[in-house]
Amino acid sequence: MIVLGVETSCDETSVALVGPKGPILEKTALQEDVHSLFGGVVPELASREHQRLLGPLCRALLSQSGVSPKDLGAVAVARGPGLLGSLLVGMGLAKGLCLSTGAPLVGVNHLHAHLLAAGIDRDIAYPALGLLVSGGHTQIWRMESDLEFTLLGRTLDDAAGEAFDKTAKTLNLPYPGGRYIDLLGQGVAPDHALYPRPHLDDPGLDFSFSGLKTAVAEHVRKNPGLRAANIPTPGEPFDPGLAGTETRVACASLNWAVADTLRIKLTRAARLHGPFISLVVAGGVAANSRVRDMAAELADRLRLDLRLPPLVLCSDNGTMIAHMGRKLALAGFFHGLSVDAIPRGKKIPWDYIALA
Ligand code: KG4
Ligand code: ZN
């Protein structure tokens with residue numbers, strides 16, 4: 001079965017095809033140039049960009065892949081959580097495709113799709129301990145199978161990605177800033193005493209990254225020399241060597257504080273909710289080199305099979321939606337054309353229907 005996936009939950013416009021042998025082709029347009037000026041995603045602009053970009057991307061996907069619309073076994077769409085206006089653009093395209101081709105629709109939980117992206121190259125062995133770290137979410141999951149997820153812990157305020165993005169903003173780096181903080185911190189020893197590792201005194205599995213964000217902002221306020229003199233141009237090559245040592249230490253210390261906080265909560269989750277066979281770390285922040293190293297060390301220590309998505313599938317992408325949509329469709333889970341988009345903060349219901 002070939003499934004076309006549509007992802008428009010935030011500021012990536014992405015469509016992709018996944019078939020029995022895995023990913024076929026993906027077409028993605030980033031909107032960084034539109035939002036970086038504002039230091040974050042502007043929802044109204046994001047939905048207008050999706051509206052402008054999605055049709056041509058879908059046409060290019062089908063013509064370049066050679067897949068005919070009549071070959072589609074299902075159309076999968078990110079149903080939420082996300083920006084409502086943005087999700088609705090993707091929903092509109094997906095429903096239109098279903099109407100014109102007769103393919104059934106399957107709405108996909110964006111968060112679950114991030115986690116399953118770790119299984120695109122090789123199946124995940126279950127039960128798996130899942131960490132989702134993105135711009136909007138920091139969550140720990142117990143994954144029983146490709147389709148069974150139990151939430152064990154989540155952030156009470158900011159997501160880890162927000163700590164990166166807000167820090168980048170205070171340092172005069174473009175949005176989204178995690179990539180820059182990661183690069184600036186590479187090859188530099190972190191100062192373990194510089195920032196707090198937040199919410200560790202709480203015995204549970206929830207996170208809170210707002211205090212860390214404030215600590216970094218305060219450190220930069222007291223040391224204005226840490227700020228980049230010139231804001232790098234989004235998408236252009238970036239030379240971390242041009243930054244001062246103190247800036248690089250500040251970034252390495254943030255990478256370490258986030259990764260170590262994640263490590264401690266994952267270790268706790270493994271003890272409280274194990275045994276597990278695999279460790280899955282996914283979402284945009286799973287692209288962070290310190291987080292990836294931490295995950296490898298932890299998996300080694302806990303003797304877990306580490307499953308990280310390839311770097312290109314950490315950030316939002318249509319391939320992960322098509323991949324999970326295909327799993328759902330093969331298991332007989334579909335939606336009718338009246339399925340709604342679910343904004344951030346609302347629970348996504350398990351309201352699939354069987355095909356008549
Ligand atoms: O999963 P994603 O693309 O979108 C959401 O669903 O939120 O994650 C985006 C987040 C942003 O906060 C971005 O700064 C962060 O992932 N990010 C990184 C890195 N690459 C992207 N954070 C740290 N290090 C990176 N290398
Ligand atoms: Zn995401």
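The values are calculated or read from the model by the stated rules, or taken from the named source; none is laboratory data. This is a predicted model, so every value here is computed, not measured. Because the Cβ atoms are built from the backbone with ideal geometry, glycine has one as well, and the counts that use them run over all protein chains shown.
How many residues does region 278-332 hold that are surrounded by 21 or more Cβ atoms within 10 Å (Cβ to Cβ) and under 21 Å from residue 4 (Cα atoms)?
Count: 19.
Which pairs do you get when a residue that is under 15 Å from residue 181 (Cβ atoms) and in contact (Cβ under 8 Å) with a residue 24 or more places away in the chain, found in region 255-266, comes within reach of a residue that is surrounded by 20 or more Cβ atoms within 10 Å (Cβ to Cβ) and among the acidic types (Asp, Glu), reach meaning Cβ atoms under 8 angstrom, with the pair 6+ apart or on two chains?
255/182
Any chance you could count how many residues in region 1-40 are within 12 Å of ligand 1 (Cβ to nearest atom) and either of a type in the set (Phe, Trp, Tyr) or closer than 22 Å to residue 67 by Cα (or both)?
So the count comes out to 4.
Residues of region 274-331 being among the charged types (D, E, K, R), more than 16 Å from ligand 1 (Cβ to nearest atom) and outside any helix (DSSP H, G or I), which ones? I'd like the intermediate steps shown before the answer.
The first filter runs over region 274-331 and keeps only residues among the charged types (D, E, K, R), leaving 290, 292-293, 297, 300-301, 303, 305, 307, 316, 326-327.
Then drop every residue that is not more than 16 Å from ligand 1 (Cβ to nearest atom), which leaves 297, 300-301, 303, 305, 307, 326-327.
Across region 274-331, the qualifying residues are 303, 305, 307.
Checking residue 148 against (1) in the same structural domain as residue 285 (by TED's automatic domain parsing); (2) in contact with a strand residue (DSSP E or B) (Cβ under 8 Å, 6 or more places away or on another chain), which test does it fail?
(2)
Taking residue 60 and the conditions (1) farther than 16 Å from residue 316 by Cα; (2) away from ligand 2 (no atom under 16 Å from the Cβ); (3) in contact with a helix residue (DSSP H, G or I) (Cβ under 9 Å, 6 or more places away or on another chain), which numbered condition does it fall short on, given that it satisfies the others?
Condition not satisfied by residue 60: (3).
For region 111-138, what are the residues that are within 16 Å of ligand 2 (Cβ to nearest atom), surrounded by fewer than 24 Cβ atoms within 10 Å (Cβ to Cβ) and either among the aliphatic types (A, V, I, L, M) or assigned to a strand (DSSP E or B) (or both)?
120
For region 179-211, which positions are assigned to a helix (DSSP H, G or I) and touching a His at 6+ places or on another chain (Cβ under 9 Å)?
211 - this is the single residue of region 179-211 that is assigned to a helix (DSSP H, G or I) and touching a His at 6+ places or on another chain (Cβ under 9 Å).
Of all residues being in a strand (DSSP E or B) and among the basic types (Lys, Arg) in region 139-178, which is nearest to the chain's Cα centre (by Cα)? Just the residue, please.
Quick first cut of region 139-178, residues in a strand (DSSP E or B) only: 139-145, 148-155.
If we keep only those that are among the basic types (Lys, Arg) too, we end up with 142, 154.
Values: 142: 17, 154: 14 Å.
That would be 154.
Looking at region 188-232, which of its residues are small (Gly, Ala, Ser), at pLDDT below 90 and under 24 Å from the mean Cα position of the chain (by Cα)? Working first, answer last.
Quick first cut of region 188-232, residues small (Gly, Ala, Ser) only: 189, 193, 204, 208, 210-211, 215, 217, 225, 228-229.
So of that shortlist, the ones also at pLDDT below 90 come out as 228-229.
Result: no residue meets the conditions.
Limited to region 48-84, what total is found for residues that are closer than 21 Å to residue 35 by Cα, buried (at least 17 other Cβ atoms within 10 Å of the Cβ) and either of a type in the set (Val, Ile, Thr) or more than 16 Å from ligand 1 (Cβ to nearest atom) (or both)?
Selection size over region 48-84: 4.
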